[in-house]
Each structure stands twice: as structure tokens, then as C-alpha cells.
1. If you take each beta carbon of peptide B:92-104 and count the beta carbons of other chains within 10 angstrom, what is the mean?
2. If you take the Cα atoms of segment A:126-245, find Rg, then find the Kirkwood Rh from the mean of 1/r over all pairs, what is Rg/Rh?
3. Against the longest principal axis of chain B, how steep is helix B:138-150, in degrees 0 to 90 to the nearest 10, with axes from Cα atoms?
4. How large is ³J(HN,Hα) for each residue in segment B:202-215, as worked out from phi by the Karplus curve 6.51 cos²θ - 1.76 cosθ + 1.60 (θ = phi - 60°), to whole Hz, x for Gly and Pro?
5. Mind jotting down a quarter of the surface of the convex hull over the alpha carbons of segment B:261-359, in square nanometres, one decimal?
6. Mean Kyte-Doolittle of at least -1.0 plus a Cα span of 27 Å or more along the axis: flag which DSSP H helices in chain A meet both, please.
7. Given a 1.4 Å probe and every protein chain left where it sits, what share in percent of the accessible area of chain A is carbon and sulfur?
8. Take the Cα radius of gyration of the protein assembly as shown and divide it by 2.2 N^0.38 Å, with N its residue count; two decimals is plenty.
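The values are calculated or read from the model by the stated rules, or taken from the named source; none is laboratory data. Here the structure is a predicted model, which is why all the values come from computation and not from measurement. Ideal geometry is used to build each Cβ from the backbone, glycine not excepted, and the neighbour counts take in all protein chains shown. All accessible areas refer to the heavy atoms of the entire protein, side chains included, with ligands and DNA or RNA removed. Shrake-Rupley method; radii C 1.70, N 1.55, O 1.52, S 1.80 Å.
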Amino acid sequence: MAAADPLGTRREGGEPVLITEILAWLLDPGNWSGPDGILRQTLLHLFYCVLAVTSAVLLAVPAGLYIGHTGRGAVFVVGFGNALRALPTLGLVTLLTLVFRGRVALVALTVLAIPAVLSGTYAGIRAVPAHVVDAAKGMGMTSRQRLWKVELPNALPLLMGGVRNAMLQVMATVMVAAYVGLGGLGQILLTGQRINDYERMAGAAILIALLAVLVDLVLAGVTRLVTPRGVFLTARSGTTSRRRR
Amino acid sequence: MIEFRTVRKQYDDGTVAVQELSLTVPAGTITVLVGPSGCGKTTLLRMVNRMVEPSSGAVLLDGKEIRDSDPAELRRGIGYVIQQAGLFPHRTVRDNVATVPLLFGTSRRKARRDAEELLERVGLSRELGKRYPGQLSGGQQQRVGVARALAADPPVLLMDEPFSAVDPVVRAGLQQELLRLQEELGKTVLFVTHDVDEAVQLGERVAVLRQGGELAQYAAPAELLARPADDFVASFVGKDRGYRGLSFVDSSGLEPGPVDTVHIGDTSADVPSRAGWVLALDAQDRPRGWLPPGSTVRGRLTEDQLVAVGSLHTLGCPLREALDAALSSPTGRGAVVDADGVFQGVITAGQVLELIENRRHPALTEGAVQCSRD
């Protein structure tokens, strides 16, 4: 079977869906335009992801900075993060969509994004070498100056790592928006399933995956841009090992 | 001047780090706190810039209780150097040095210009200012740490094992550099180390602490080595303290004797086979090595025919160096040079010992011996 059909997958009946057919669907301009077209759904898909992650960043970064800087509530980060991660994602989202109708259901995506951002921020602050923070304090920086001028810039790589993780998780889950009728690329996939249009389903799946990779690449670029050069160099050369003492 | 008045530090778990300790650190000198780990030396140092608050007692800076000043403000007026340098990885070397002036509100431009000057002062090139700490060696990082501590020209400098994490050769260089800087700047330096050698080399006064934060002895280094207050100090300063004490005895009166010399590049005609060791010098008359007895030179004399010269004794440096030059030489005769490294003559261990015997009364000269090297 596989040898006879190296590039395709199979429909229920055993009839293959060739890559060429999927490509044909993807390249058909008619499929891109219109209120249910690929373009609009892709933008909607992206909008939900960015909205969810941005809200998570706005909530979790300040909390992570506070906890990392003061050391207060570290147990909360670990416990809360683990608890949320242990929850079955789909279950949580379905529950929240049942409780909150309509767009409020997007809160579920934000909840999903928070642990990664929170623990990334917290870990970033805690990973700043103790002697660096000690020096900052000893030179006469106030608590606030230490946080903004020393801890945050050095925490950025790990903080951004948390944001990237959150984005990936959200992108993997955002299709549920289609379940509650909010659209997105999941909508195309679901429609395809309903009408047994396998080109449509496969095409939508490929688009979802491509978009996830693309967004991650963009975030990787952003990480490079915001990471101070010295921190980047240190991380790469590894000359200043962390907490050597 | 830094004054500790019956300071005590007890942590919440009951550990006593410092036990009712009083100590006065005179202005303009290097004072060293030395002791085994757990003797409270770092705790004591950190009390001065309020990184640690004493449980009881008081610390005074120029007669004022530091408790009355705002911690951040107090710290900006005190230089602080730590073991790992603690440079900020995200800032250039230049901006690291400029940290405190920038906190004081100095313009970025002026702060950077001053920082580059300071880099030169601690023996680094200006170009290094644009690099990041992660691109520097451990020794360079420590120099930057010192420059950063000096940037706002504070009268007091706290140094917590600043040279412990670098290799011995680099450490020796940093120690010389600190002494040179101190001669120029005359800061009040409180220096913590666990290394007795470093303590007696750098300190004008050395405070030996014992476990549990008690002051065992507070004295000039020569005094410490010659007359330890008790068994603890005696064992802590080490078995070879008699030898190390020679670091504080000047070598005046030591007369270098003559020896046969040749020059690198001399031909076989100039270097006839001889019965004794011959010292080979370079074109600037600096000792390069010993030519073993009976060696014949074919063609021109080159360095690879020589046996290493051993350590050199520079005129005016302490007797320890003179004795070491004699002991480390393959011939038993140590080469003596002047401040420029030019050969002056040779000395034997016997001469050094004779000088020590003749000087028995009065006792060893106290105080650091000034000596200049090229």
C-alpha cells in the first residue's frame, strides 16, 4: 500500500489523496477569498493566538518578575504551573467554553498560556548569577534598579523561551475556537470533516502546522533582537558559568 | 577610617558568625581580614556596606554610624569588589565601569570617557571597553571589577576575596597592581582573603579571625609572622612562617660577588671550555641561563645550551627573594639584577644566612619593604 502510494494518504474507501490534490486546493484562489476563505480564517487564527499570548504576557510577566525578584511565592509558581500542565488541555478548554459562551471562551487559551510565561519569567530572573545581583546591590542599586537594569535584561532569553512555549501550546489548541463557532483555520478543518472533503482537511492541517512553525521562527527572531548582545555572547561562549560558587 | 564596635552577628538559626568584635581600620591603608572558612570575615566586611546588618554593636565610617544612612546611598560611596567580579553580562565593559557614576547622574558620555581612563589605570586597554564581560579572561574581569569599584572615586574599598578565583600567576600580577594603585590612590581598603600569603603581602595590618568570628590577632604582617599571639595563629600562618618572615627583611648589606659571564651569540672562541659554571647574559646584560662546566660551544652560543637561571633577586627587594634566588639556582649562586633587570653579581645562601645571623639583634625590621621591579 505505502509503496504504491508514497506521497499520498488514503480516504476511508482506500482511495488516495495525493499531495498534488492538496496543493491544488491550497493554490485555488477561490478557496482564499470570502468570509470563510483561508485568508480571513488564517488572520483570525493568528489574532486569537496573539491575543491569548499577549494577555498571558501582561498577566504572567509582572507576576514572574515579582516572584523571581523577591523570592516570595516561588512554591506557587511551581505548584500552579504543574497543576495547570497536568490538566488535559482539551478538557479545560471544553469546560471553559461550556461555562463561558462566545468569545469569552478565549480566556481558556490565556489560562493555557500563563504557566509557560510565568515559569519562563521566574526561571529567567532566578538564573541571573547570584554574584551579579550581589554586585548590583553592593554598588548601590535600589531594589527597583536591580530588577530593571540587571535582572530583567539578563532574564530575557529564558523569558522569551517561555513566551515561545506558550505560543506553541496556544497554536496547538486554538482550533477549539472553531468548536464554539469562532472560526479560525480549525473551522476549515471541521467543515472538511463534515463534508468528507479530505483535500480541504489536509490543506487546513498543513496551514495550521506551517503557521505554527512560522510564528515560532518570528518569535525566535524577536528573542534575538531583544536579548542584549552581551547576554547572547555569554550564553553562547558559556564563559560565565551560572552560580559557580 | 572604619570602626567596628563590639559587633555581633547571629543568624536566625542560632549560628554566630561574628562574636562581639572590635576593630579599627585606619584610613589610607590596606587592612586584611584573614582566617579559615566560617570565621566570619566576609560577614564582617559586608557589615560595612550594610549588605549584612549586625545583630548588635555598631559600625562607624569616619566617625558616623552607618546605620543612620540610606543603604543604597551608603553603598554608592563605597567601592565593592567580589570574588567572581560580578560584572553585568549585558553591559559593555565600559558601561560596567561607569555603573556608579551613572547612578549618580553623571552624563553617559562623561561616564564612559572616565571609564576608559580607568581601564588604562588598572592595566587594560581602552579598546576592551567596547567588549562584553563574557569575552574577557578571569584576570581581566577582576581588573574591570576593580575599575568599576574605583569609578566614583570612593574613599573606602571593600574587597571580598577578589583574586581567589584566578590562577596563581595572574593573581600575583593583580596583587602587584593593587599595591601600585594603592600607592597612587591611598584608599582605605578592607580586604578579605583565606590566603595567609596574600594577607601578609598586601596588608599593612592583618586581622586573623578564628572560627566563630573571634579576633585572634591584629598586627602588622612582620609582627604576625615573628610573634603569633597563640597556637591558632601560629598554625594558621603556617609552618614556614620563619622563611616567609624574610619577606619583611630588607637585603641591604648583601654584597653580590663576581662570576664568569658570557653573552648569547658569542662564538666558540669567546667561550673556551671552563671548569666552572658560567652565567650567560643577553645583549642587555640580563641573565638568561647557566652554561654547565666543561660544555663546549660549537658555532655560536644559543639559549638551548643553557640550564634555567632560577629565580632572580632584584636589588633592594626582601631577603626572601635573595634566599630563593640562591636556592633555586642550579649552581647554588643566585643571580642579582637591578630594577631594569641588568646583571649585578651573584649571592649564595650562606651569604643570606650570615646576614640574618648578624642582624639577630636587634630583631627583624618591621614594615613592608619597598622594592621595584621592571
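1. Values: counts 3, 1, 0, 1, 3, 0, 0, 7, 3, 0, 1, 6, 1.
Per-residue shielding by partner chains comes out at 2.
2. Working: Rg = 21.5 Å, Rh = 17.5 Å.
With Rh from the inverse mean 1/r over Cα pairs, Rg/Rh is 1.23.
3. Roughly 50 degrees, rounded to the nearest 10.
4. Here the 3J(HN,Hα) series is 8, x, 7, 10, 10, 9, 8, 10, 10, 3, x, x, 10, 7 Hz.
5. Working: hull surface 24.6 nm².
Across all orientations, segment B:261-359 yields a mean hull projection of 6.2 nm².
6. Details: long enough: A:38-70 (47 Å, 1.41); A:107-126 (28 Å, 1.49); A:152-173 (31 Å, 0.85); A:198-226 (42 Å, 1.74).
Once both thresholds are applied, what remains is A:38-70, A:107-126, A:152-173, A:198-226.
7. Values: 8470 of 12650 Å².
Here carbon and sulfur together make up 67 percent of the probe-accessible area.
8. On the way: Rg = 35.5 Å, N = 619, 2.2 N^0.38 = 25.3 Å.
Relative to the rule-of-thumb radius for its length, the protein assembly as shown sits at 1.40.
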